[in-house]
Amino acid sequence: MNPSLDDLLARHRRELIPFVQRHGGLALRYEAVDDLIQGVHVRALERRGDFTYAGERPFFAWLHGLARSHLTDRARYWSALKRRPASLLRLTGSRVSGSDPGAAAEPAVRRTGPSTFASRREQLTLAVKALSVLLPRDRNLVSWQCEGISLHEAAERLAISYDATQRATLRATERFQKAYRLLSAT
(Lines give C-alpha, C1' and ligand atoms only; values in the text may rest on other atoms or scores of the structure.)
Protein backbone atom coordinates (compact mmCIF):
# COMPACT_ATOMS: atom_id res chain seq x y z
CA MET A 1 0.00 0.00 0.00
CA ASN A 2 1.34 3.44 -0.93
CA PRO A 3 1.89 5.92 1.90
CA SER A 4 -0.28 9.03 1.96
CA LEU A 5 1.19 12.43 1.11
CA ASP A 6 0.56 13.57 4.71
CA ASP A 7 2.61 10.65 6.05
CA LEU A 8 5.42 11.24 3.56
CA LEU A 9 5.66 14.94 4.42
CA ALA A 10 5.70 14.23 8.16
CA ARG A 11 8.23 11.42 7.81
CA HIS A 12 10.65 13.38 5.62
CA ARG A 13 10.34 16.81 7.21
CA ARG A 14 13.84 16.65 8.75
CA GLU A 15 15.38 15.78 5.40
CA LEU A 16 13.93 18.97 3.91
CA ILE A 17 15.74 21.18 6.45
CA PRO A 18 19.21 21.04 4.83
CA PHE A 19 17.67 21.60 1.40
CA VAL A 20 15.90 24.77 2.59
CA GLN A 21 19.03 25.95 4.41
CA ARG A 22 21.09 25.45 1.25
CA HIS A 23 18.64 27.03 -1.20
CA GLY A 24 16.75 29.53 0.99
CA GLY A 25 18.87 32.53 0.05
CA LEU A 26 17.20 35.87 0.68
CA ALA A 27 14.11 34.30 2.24
CA LEU A 28 16.23 32.97 5.13
CA ARG A 29 17.12 36.53 6.11
CA TYR A 30 13.48 37.22 6.95
CA GLU A 31 11.84 33.84 7.63
CA ALA A 32 12.75 30.89 9.80
CA VAL A 33 13.57 27.54 8.23
CA ASP A 34 10.53 25.98 9.92
CA ASP A 35 8.25 28.62 8.40
CA LEU A 36 9.67 28.01 4.95
CA ILE A 37 9.24 24.25 5.34
CA GLN A 38 5.67 24.77 6.45
CA GLY A 39 5.11 26.82 3.30
CA VAL A 40 6.53 23.98 1.21
CA HIS A 41 4.17 21.55 2.95
CA VAL A 42 1.20 23.82 2.30
CA ARG A 43 2.17 24.03 -1.36
CA ALA A 44 2.52 20.23 -1.52
CA LEU A 45 -0.91 19.73 0.03
CA GLU A 46 -2.43 22.24 -2.40
CA ARG A 47 -0.97 20.21 -5.27
CA ARG A 48 -2.01 16.87 -3.85
CA GLY A 49 -3.86 16.12 -7.09
CA ASP A 50 -0.58 16.30 -9.06
CA PHE A 51 1.10 13.75 -6.79
CA THR A 52 1.31 10.04 -7.45
CA TYR A 53 3.60 7.98 -5.26
CA ALA A 54 6.13 6.12 -7.41
CA GLY A 55 8.87 5.62 -4.82
CA GLU A 56 11.12 7.65 -2.58
CA ARG A 57 13.35 9.16 -5.30
CA PRO A 58 10.48 10.51 -7.43
CA PHE A 59 8.81 11.81 -4.25
CA PHE A 60 11.97 13.75 -3.29
CA ALA A 61 12.32 15.11 -6.82
CA TRP A 62 8.70 16.32 -6.71
CA LEU A 63 9.10 17.77 -3.22
CA HIS A 64 12.38 19.52 -4.06
CA GLY A 65 10.76 21.04 -7.13
CA LEU A 66 7.95 22.41 -4.97
CA ALA A 67 10.48 23.63 -2.40
CA ARG A 68 12.51 25.45 -5.08
CA SER A 69 9.35 27.08 -6.38
CA HIS A 70 8.26 28.16 -2.90
CA LEU A 71 11.71 29.50 -2.01
CA THR A 72 11.87 31.43 -5.28
CA ASP A 73 8.44 32.96 -4.62
CA ARG A 74 9.42 33.98 -1.09
CA ALA A 75 12.72 35.48 -2.30
CA ARG A 76 10.81 37.47 -4.94
CA TYR A 77 8.39 38.66 -2.28
CA TRP A 78 11.18 39.95 -0.02
CA SER A 79 13.13 41.34 -2.96
CA ALA A 80 10.09 43.32 -4.10
CA LEU A 81 9.78 44.83 -0.64
CA LYS A 82 13.43 45.80 -0.71
CA ARG A 83 12.97 47.55 -4.08
CA ARG A 84 10.37 49.92 -2.65
CA PRO A 85 11.86 50.62 0.77
CA ALA A 86 10.82 54.27 0.91
CA SER A 87 7.10 53.47 0.80
CA LEU A 88 7.49 50.75 3.43
CA LEU A 89 9.59 52.96 5.72
CA ARG A 90 7.08 55.81 5.39
CA LEU A 91 4.44 53.47 6.82
CA THR A 92 6.52 52.77 9.92
CA GLY A 93 5.50 56.12 11.32
CA SER A 94 9.02 56.70 12.60
CA ARG A 95 11.44 59.34 11.50
CA VAL A 96 14.24 58.37 9.18
CA SER A 97 16.71 59.89 11.61
CA GLY A 98 15.89 57.36 14.31
CA SER A 99 13.23 56.03 16.58
CA ASP A 100 13.79 58.50 19.43
CA PRO A 101 11.09 61.18 19.07
CA GLY A 102 13.08 63.59 21.25
CA ALA A 103 16.21 63.34 19.15
CA ALA A 104 17.23 66.16 16.87
CA ALA A 105 16.76 65.55 13.18
CA GLU A 106 19.88 64.63 11.27
CA PRO A 107 21.27 67.51 9.24
CA ALA A 108 20.60 67.38 5.53
CA VAL A 109 23.59 66.34 3.48
CA ARG A 110 24.15 66.37 -0.24
CA ARG A 111 25.75 62.96 -0.39
CA THR A 112 24.78 59.73 1.27
CA GLY A 113 27.53 58.05 3.24
CA PRO A 114 28.09 54.54 4.58
CA SER A 115 26.46 55.27 7.92
CA THR A 116 23.29 56.47 6.22
CA PHE A 117 23.17 53.36 4.04
CA ALA A 118 23.71 51.18 7.11
CA SER A 119 21.00 53.00 9.05
CA ARG A 120 18.49 52.69 6.22
CA ARG A 121 19.35 49.03 5.68
CA GLU A 122 18.76 48.39 9.39
CA GLN A 123 15.45 50.26 9.31
CA LEU A 124 14.36 48.36 6.22
CA THR A 125 15.29 45.04 7.82
CA LEU A 126 13.21 45.93 10.89
CA ALA A 127 10.30 47.04 8.69
CA VAL A 128 10.39 43.81 6.67
CA LYS A 129 10.53 41.76 9.88
CA ALA A 130 7.59 43.76 11.28
CA LEU A 131 5.68 43.03 8.09
CA SER A 132 6.47 39.32 8.33
CA VAL A 133 4.93 38.98 11.81
CA LEU A 134 1.57 40.31 10.65
CA LEU A 135 -1.29 37.99 9.80
CA PRO A 136 -1.53 37.29 6.05
CA ARG A 137 -4.46 39.65 5.43
CA ASP A 138 -2.75 42.52 7.26
CA ARG A 139 0.53 41.76 5.47
CA ASN A 140 -1.29 41.89 2.12
CA LEU A 141 -3.03 45.16 2.96
CA VAL A 142 0.23 46.85 3.99
CA SER A 143 2.05 45.44 0.94
CA TRP A 144 -0.72 46.59 -1.39
CA GLN A 145 -0.58 50.02 0.18
CA CYS A 146 3.17 50.17 -0.57
CA GLU A 147 2.56 48.98 -4.13
CA GLY A 148 -0.02 51.70 -4.70
CA ILE A 149 -2.94 49.29 -5.05
CA SER A 150 -6.14 51.32 -4.69
CA LEU A 151 -8.62 50.60 -1.91
CA HIS A 152 -11.18 49.70 -4.58
CA GLU A 153 -8.91 47.01 -6.00
CA ALA A 154 -8.01 45.78 -2.51
CA ALA A 155 -11.73 45.54 -1.71
CA GLU A 156 -12.26 43.45 -4.84
CA ARG A 157 -9.34 41.17 -3.98
CA LEU A 158 -10.68 40.64 -0.46
CA ALA A 159 -14.32 40.48 -1.58
CA ILE A 160 -15.39 43.02 1.05
CA SER A 161 -16.83 46.52 0.87
CA TYR A 162 -14.75 49.64 0.26
CA ASP A 163 -15.47 50.95 3.78
CA ALA A 164 -14.47 47.64 5.36
CA THR A 165 -11.26 47.65 3.31
CA GLN A 166 -10.50 51.20 4.41
CA ARG A 167 -10.92 50.27 8.10
CA ALA A 168 -8.96 47.03 7.68
CA THR A 169 -6.10 48.90 5.96
CA LEU A 170 -5.96 51.44 8.76
CA ARG A 171 -5.87 48.69 11.41
CA ALA A 172 -3.25 46.73 9.44
CA THR A 173 -1.06 49.82 9.18
CA GLU A 174 -1.42 50.46 12.92
CA ARG A 175 -0.44 46.84 13.67
CA PHE A 176 2.53 47.16 11.34
CA GLN A 177 3.65 50.36 13.07
CA LYS A 178 3.29 48.74 16.49
CA ALA A 179 5.31 45.70 15.39
CA TYR A 180 7.99 48.02 13.97
CA ARG A 181 8.20 49.98 17.22
CA LEU A 182 8.45 46.77 19.26
CA LEU A 183 11.21 45.41 17.06
CA SER A 184 13.03 48.77 17.14
CA ALA A 185 12.98 48.75 20.94
CA THR A 186 14.78 45.40 21.20
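The values are calculated or read from the model by the stated rules, or taken from the named source; none is laboratory data. It should be emphasised that the depicted structure is a prediction, and the values quoted were computed from it without experimental measurement. We place every Cβ from the backbone using ideal geometry, glycine too, and count neighbours over all the protein chains shown.
Just to verify a result, which residue in the stretch 132-161, among those that are surrounded by 13 or more Cβ atoms within 10 Å (Cβ to Cβ) and hydroxyl-bearing (Ser, Thr, Tyr), is nearest to residue 36 (Cα to Cα)?
Residue satisfying both the conditions and the ranking: 132.
Residue check: is residue 93 modelled with pLDDT of 85 or more and either farther than 30 Å from residue 118 by Cα or in a loop (DSSP other than H, G, I, E, B) (or both)?
The answer is no for residue 93.
With the requirement that a residue be of a type outside the set (Val, Ile, Thr), in contact (Cβ under 8 Å) with a residue 12 or more places away in the chain and over 29 Å from residue 122 (Cβ atoms), what does the stretch 153-186 give you?
154, 157, 158, 166, 168
Out of all the residues in the stretch 11-30, is one or more in contact (Cβ under 8 Å) with a residue 12 or more places away in the chain, in contact with an Asp or Glu (Cβ under 9 Å, 6 or more places away or on another chain) and not hydrophobic (A, V, I, L, M, F, W, C)?
Scanning the stretch 11-30 turns up at least one residue that is in contact (Cβ under 8 Å) with a residue 12 or more places away in the chain, in contact with an Asp or Glu (Cβ under 9 Å, 6 or more places away or on another chain) and not hydrophobic (A, V, I, L, M, F, W, C).
Would you check which residues across the stretch 156-170 are of a type outside the set (Val, Ile, Thr) and not in a helix (DSSP H, G or I) and list them?
Selection gives 159, 161.
Considering 73, 35, 50, which residue is at pLDDT below 90 and more than 29 Å from residue 124 (Cβ to Cβ)?
50
When residue 126 is evaluated against the numbered criteria (1) surrounded by 13 or more Cβ atoms within 10 Å (Cβ to Cβ); (2) at pLDDT below 85; (3) not in a helix (DSSP H, G or I), which criterion, by number, is the only one it fails?
Only one criterion is unmet by residue 126, namely (3).
How many residues does the stretch 21-42 hold that are closer than 20 Å to residue 56 by Cα and over 16 Å from the mean Cα position of the chain (by Cα)?
Summing the residues that are closer than 20 Å to residue 56 by Cα and over 16 Å from the mean Cα position of the chain (by Cα) in the stretch 21-42 gives 1.
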